[in-house]
Amino acid sequence: MGNTELKNIIGSWSENLTFVEEGSEFLIVEVPANELRDIAEKLKTNKDTAFDYLFSLTGVDYGTELGIVYHIESTTHNHMIVMKVKTEDRETPNFDTVTDIWAAAYFNESEAYDLFGIKFNGHKNLRRIFLDDDWKGWPLRKDYVDEFNMLTR
Amino acid sequence: MTANNTIITDFLMNEMHLTADLAFWVEIVVVAAVYLGVFAVLGLFLVWMERRVAAFFQLRLGPNRRGPAGIFQTVADALKLVSKELTGTEKRDRFLYTIAPYFVIVTALMALAVLPFSYELQAFDINLGVFFITSVSSVAVIGIFLAGWASNNKFSLIGGMRSGIQMISYELSTGMVIVAMAVLTGTLQLSEIVGYQQEHGWLILSGHIPAIIGFMIFMIAGTAESNRTPFDLVEAESELGSGYHSEYSGMNFAYYFLAEFVNMFIISAMAVILFFGAWLSPFGITDGIPYVGVIWFVIKTLGIVFVMMWFRWTFPRFRIDQLLTLEWKYLIPISMVNIVLMAIVVWLGLTF
Amino acid sequence: MSYFGDIANATKTLLTGMKVTGKYFFVNFFTRKDVITVEYPDNIDTLKMFDRFRGEVVMYHDENNQHRCDACTMCELACPNGSIEIVWDKAINEETGKPKKFLEKHIYHLEMCTMCGLCIEACPADAIQWGQNFHHSTRDRASLTKVLNQPGSSFIPGYKNPKK
Amino acid sequence: MGNQQFLADKIRTEEYLLNMGPQHPATHGVMRMVLKLDGEEIRDVEPVMGYIHRSIEKMCEHVSYKQAIHLTDRLDYLSSHMNNEAVALLVEKAAGIEVNDRIKVIRTIMAELTRLASHQLWWAVMGMDTGALTTFFYGFRDRELINDIFEETCGSRLTMNYSLIGGVRYDLHENFVKRVKDFIAHFKKKLPEYDNLLSNNVIFRKRTEGIGILTKEQVIDFGMNGPTARASGFACDIRKKLPYSAYDKVDFQEILATEGDAFARYKVRILEMWESMSIIEQLIDNIPEGEHRVKTKAVIKLPEGEFLQRVETARGDLGVYVISDGKKNPYRLKFRSPSFANMHGLNTMSVGTKIADLVVNFSTIDVVVPDIDR
């Protein structure tokens, strides 16, 4: 299924979705934070899209905003879509969890929390997955400074 | 003290002019010292043999640095273990922790003392012979169980629990096979069993079908008794690290390590006594000459030990519930049927 | 009855397994030809590594103790782990009279090097290349910081890389 | 059942926690699993990772693309060539660098040799985990031949850093083809031995059949991939779905099983070894002539935008996702690691089984811990 049909189907679900096509080979859907859960729900359950395989969930620090990029693939139709969600607030960034839609998000969301500080409300066991529990700061953020470990030349 | 005069007491009384009682006690001390020496040498040799045989199976060289073909490698290991500090977990149960290795050593020695190495070289020829060995080797379970419990480490606790189940349940089938062989020979005394085999030929031939079944069951159950693969769940490297003796170091660990190999020797010696005519040479060629029996006894036992080592370096390990189903659903029914079969064979006089 | 069936089948598979290990035991019991053990410390003088083996980075010196490095620090920039430091100085070149950089010390931190080879690739003059020696264990860490250009060595005057 | 209930009330049993790792023979690396145990039955497995987290993604943000390639060696060190190839392919596709056929064929042969070496090591350690210690030496004897091939051509045995942007570092060594053919002839005789020694062994079958069953839906829901997922019937082989390098010129079969238990995962990897050998055989005789490296600019900059490249490593499909802002180092570089995804299924697999089964399940997922922690 090409990007354009996908765009029409998904576009019909809600107005405030923006679609981007250049700069990447897959259709990019930017979703507002509050509609994240039901768009994800529709993506999975809708027969034509049937996105049932969460390929990867990436936390990104865009400088001013913090965001999550979902690469979701359909094992039946063999097409992939990129879903992005962004938030301005850098102190307590939080999104709804998608673990009950795709179980593959369980550790990925913990990793995003651990390295970016993005909380996921409704996640059963959100903890620092890689770093020690008493680690200060979120390492993968652009403004993270650590004189001890980081050798910047 | 109506001790029948053995060579040692005669020697002590005539040359050393000791009284009968004193000679008796000195003899006991001498025999104990000899068997401790046999225990140590046997243990070291078997460890070296295991490492060389394992190397040959695994396309390696095996120990070859200390002495020709690495013979003194295990002596070096023993010295290293002796010089090691005896560490242990802090909250261990001190008394049980220290007493546990001695259970295993004592039972191994007691079982060793009864084995008929040759007509003359048998320390205690008690008429309960075979029954005594099985009951003594069941005491060894306590040593391993205590080690697992007392060393305050969850992995060794699991190892100890597994040893409890495994060794107790496999004693049943070893016991039943021994009962079957006792039916055939009509006696429990070891020297009389060997005597029976002197006239009728080896039990594996004279008892033909039930004896062969008995031998296979005995080999399987014997490997399980001595905690060796495919039944080495007690110290399963990949699950429990080194199981019950992971908190032991130095001489305590050496006790467990040597006792495991001596147990293996005792099990194969039992198999040789019950099935292959302990120190009888094939077709009785060298039976007349005194003291030569030992060589035949050791050759046959090392043959069985080699087969057990072959098991160890080929088979993966059972899981605890499969191990128990193998025992309770397969080995015990077959060994019971085997006793009945042996009884019928003996009753109808079909033995050779 | 499958009861005896799977016992027979079980023993058959166990015996085939033993046949495999038995073959290795008995076939080369005396010849020991299949043995794969390499007795490392004993064969140290006969041991020859492959010519492309990456043991450590060394600097090429020709017969009269001259090397090709003109301190252009391309390798220092290419190294991802910062394990190369070039100490260079300026001096007036006799013929041309213009100030010219020359290499004082090419410091190579072996303990930080990940053998990725990007420095050797980046070097325009092929001054550094792979050495095959891999015995790097030492007692103190200081000896892992090596100076690649031998003492008293100097730049081959007017060397131009033939390949470039 | 009356007294069963009576006993259960009288005997107070308690679940206890057991830390399996971070230093444990079965975890193949540094990973801790907190087991909630009732006797030997596992109630819950919670993997605790991060003991070997070097934050390669943060490092990649400060190094150029050429330097980022050598960092990928340390991700899944058993398929280091495929990791290098993934980043190289991504940069070549994004920067529009065209590589000739010789480079594609060399990369494919090297990838299949790495897969063979990784599966051999997995088989050797699988045998050791279930108790057969000799398989370790047979597996490593065969793997040593592949390591010699790598050492001779690429210069190092494990972390090869052989693939670069626009080609490969050295051309093939002159006796590369002979060594590969000798290895294939040798290993074709030895692989049936693997089956006799372990696959058909009744104890091994009993230890692995029916253990840790995962259905196809569960595998997809958990986002699992690689041979672990193909054992439950999920066709996720990137070499077939999105062919790259010379995989479209080679015909090979994607191995799928349906039972989804530990033995199916084992069988899939053994058959994949046969497939890898047939791929190498198809390519080794007609390696096209040509340059082993294409001319590229000194500093490679990617255009603005985001790029995704997926490669089938020995453990599953590794996704490299780069957000580039036109500078010489990536703005954000994410490695979607196959072993990290496969960890999701561990809990469902081993709840209700015994400790010995957890060791078998963990070993059939074939986990490499640095691949999880990155």
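Tallying residues that are within 7 Å of another protein chain (Cβ to nearest Cβ) and of a type in the set (S, T, N, Q) within segment C:24-63 yields 1. Scan segment B:22-51 residue by residue and report those that are charged (D, E, K, R), surrounded by 20 or more Cβ atoms within 10 Å (Cβ to Cβ) and closer than 21 Å to D:Thr134 by Cα. The one that is charged (D, E, K, R), surrounded by 20 or more Cβ atoms within 10 Å (Cβ to Cβ) and closer than 21 Å to D:Thr134 by Cα: B:Glu50. State which residue is nearest to the other protein chains (Cβ to nearest Cβ) when the search covers only segment D:261-284 and only residues that are more than 18 Å from the chain's Cα centre (by Cα) and free of Cβ contacts under 8 Å to residues at least 60 places away in the same chain. Filtering segment D:261-284 for residues that are more than 18 Å from the chain's Cα centre (by Cα) and free of Cβ contacts under 8 Å to residues at least 60 places away in the same chain, the one nearest to the other protein chains (Cβ to nearest Cβ) comes out as D:Asp261. Please work out if B:Leu36 is closer than 19 Å to B:Phe117 by Cα and modelled with pLDDT of 85 or more. Criteria met by B:Leu36. Against the conditions (1) β-branched (Val, Ile, Thr); (2) out of contact with any strand residue (DSSP E or B) (no Cβ under 8 Å at 6 or more places or on another chain); (3) closer than 22 Å to D:Met82 by Cβ, D:Thr258 satisfies every one except (3). Within segment C:21-72, restricting attention to residues that are basic (Lys, Arg) and within 30 Å of C:Gly152 (Cβ to Cβ), the residue that is surrounded by the most Cβ atoms within 10 Å (Cβ to Cβ) is C:Arg54.
The C-beta contact set for segment D:182-202 (first residue surrounded by fewer than 17 Cβ atoms within 10 Å (Cβ to Cβ), second residue aromatic (Phe, Trp, Tyr) and modelled with pLDDT under 90, distance under 7 angstrom, 6+ apart or interchain) is empty. Within segment B:4-18, none of the residues are farther than 30 Å from C:Val27 by Cβ, part of a helix (DSSP H, G or I), touching a Gly at 6+ places or on another chain (Cβ under 8 Å) and hydroxyl-bearing (Ser, Thr, Tyr). Restricted to strands (runs of 3 or more DSSP E) entirely inside segment A:49-149, those with at least 2 residues that are within 23 Å of D:Tyr51 (Cβ to Cβ) and touching a strand residue (DSSP E or B) at 6+ places or on another chain (Cβ under 8 Å) are A:53-61. The set of residues in segment A:46-64 that are farther than 30 Å from A:Arg90 by Cα, surrounded by 13 or more Cβ atoms within 10 Å (Cβ to Cβ) and among the charged types (D, E, K, R) contains only A:Asp52. Among the residues of segment A:81-112, those identified as in contact with a His (Cβ under 8 Å, 6 or more places away or on another chain) and either at pLDDT below 90 or under 29 Å from D:Met31 (Cα atoms) (or both) are A:Thr97, A:Thr99, A:Ala103, A:Ala104, A:Tyr106, A:Phe107, A:Glu109, A:Ser110.
Across segment B:229-236, not a single residue is classified as among the small types (Gly, Ala, Ser), in the same structural domain as B:Phe155 (by TED's automatic domain parsing), within 28 Å of B:Leu188 (Cβ to Cβ) and at pLDDT below 90.
Where in segment B:293-352 are there helices (runs of 4 or more DSSP H), lying fully within it, with 1 or more residues that are more than 14 Å from chain D (Cβ to nearest Cβ) and not β-branched (Val, Ile, Thr)? Helices (runs of 4 or more DSSP H) meeting the threshold: B:293-312, B:332-347. Being away from every other protein chain (no Cβ under 12 Å) and not hydrophobic (A, V, I, L, M, F, W, C) holds for only one residue in A:Asp100, A:Asp114, A:Asp134, A:Asp61, and it is A:Asp134. If the condition is being of a type outside the set (A, V, I, L, M) and surrounded by 12 or more Cβ atoms within 10 Å (Cβ to Cβ), then segment C:132-164 contributes C:Gln132, C:Phe134, C:His136, C:Thr145, C:Lys146, C:Asn149, C:Ser153, C:Ser154, C:Phe155, C:Tyr159. Scanning segment B:61-88 for residues that are under 30 Å from C:Gly17 (Cβ atoms) and exposed (fewer than 15 other Cβ atoms within 10 Å of the Cβ) gives a single hit, B:Ala69.
May I ask you to verify whether C:Arg52 is assigned to a loop (DSSP other than H, G, I, E, B) and under 22 Å from D:Arg74 (Cα atoms)? Judged against the criteria, C:Arg52 is a match.
Scanning segment D:106-125 turns up at least one residue that is of a type in the set (Gly, Ala, Ser), within 12 Å of another protein chain (Cβ to nearest Cβ), free of Cβ contacts under 8 Å to residues at least 24 places away in the same chain and within 30 Å of D:Thr258 (Cβ to Cβ). Quick check on B:Asn127: is it surrounded by fewer than 21 Cβ atoms within 10 Å (Cβ to Cβ), touching a residue at least 24 places away in the same chain (Cβ under 8 Å) and closer than 27 Å to B:Lys91 by Cα? No.
Just one of (1) more than 30 Å from D:Leu197 (Cβ to Cβ); (2) touching a helix residue (DSSP H, G or I) at 6+ places or on another chain (Cβ under 6 Å) fails for C:Met112. It is (2).
Write out, first by first residue and then by second, each pair whose Cβ atoms fall under 8 Å of each other, whose residues are 6+ apart or on separate chains, and whose first residue, in segment D:54-81, is more than 11 Å from chain C (Cβ to nearest Cβ) and touching a residue at least 40 places away in the same chain (Cβ under 8 Å) while the second is of a type in the set (Ser, Thr, Tyr) and assigned to a loop (DSSP other than H, G, I, E, B). Going by the 8 Å Cβ cut-off, the qualifying pairs are D:Glu61/D:Tyr331; D:Leu75/D:Ser337; D:Asp76/D:Thr313; D:Asp76/D:Ser337; D:Tyr77/D:Thr159; D:Ser79/D:Thr313; D:Ser80/D:Thr159; D:His81/D:Tyr162.
The values are calculated or read from the model by the stated rules, or taken from the named source; none is laboratory data. Predicted model only: the values in this text are computed from it and were never measured. All Cβ positions, glycine included, derive from the backbone under ideal geometry; neighbour counts span all protein chains shown.
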